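Below: one structure, written as structure tokens.
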Amino acid sequence: MSEQTPGRPLFGRRRRANVEGGRQHQHKVKVSPEEEAVLVRLAAEQQVTIPRLLVESALASESSETPTQRKQAIAELFALHRLLAAVSNNVNQIARATNATGEAQAETSVTLAKVRQVAGRIDEAIDGLTLS
């Protein structure tokens with residue numbers, strides 16, 4: 001998800017959406033400085049507030065991801081789709097030029113390296129989905 005603007009989630013927002021009638025219940029949680037550091041880091045990684053992180057984590061079952069993690073996975077897949085489309089366009093242009101001239105194009109090796117890089121990112125995204 002490196003294609004998105006830093007500090008701003010691609011999907012959603014940091015705070016949870018409002019609910020009709022509001023939220024009447026609140027809970028106060030005290031944490032140690034070490035626990036606070038972990039919460040701050042996790043919330044920053046997921047680009048959510050600490051209260052949202054705590055609620056989503058607590059309400060998610062052990063085998064499923066939080067809504068924020070699901071949105072991040074979807075955003076990563078969209079980014080990979082755009083990247084794959086760009087790389088495949090380059091491959092098509094190189095193939096067309098190679099077929100027309102009968103000579104290998106200079107940018108072939110760079111493009112094939114990018115294909116391998118995109119394939120690696122796709123593998124990482126799939127591994128991330130299966131481990132969640």
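Read the figures in this text as sums done on the coordinates, not as results from a lab. No experiment lies behind these values; they were computed from the predicted model shown. Cβ atoms come from the backbone with ideal geometry, glycine included; neighbour counts cover every protein chain shown.
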Using a Cα-Cα cut-off of under 18 Å, which lysines could be cross-linked to LYS71, ignoring same-chain neighbours fewer than 8 residues away?
none
Please list 42-52, 27-37 highest first by mean number of surrounding beta-carbon atoms within 10 Å per residue.
42-52, 27-37
Inter-site label distance for GLU36 and LEU77 at 7 Å from Cα along Cβ, in nm
3.9 nm
Using eta = 1.002 mPa s and T = 20 °C, Stokes-Einstein with Kirkwood Rh from Cα pairs puts D for the stretch 25-116, in µm² s⁻¹, at 125 µm²/s
Expressed in nm to one decimal, what extension gain is obtained for the pair GLU124 and ASN18 from 0.36 nm per residue of sequence separation less their Cα-Cα distance?
34.8 nm
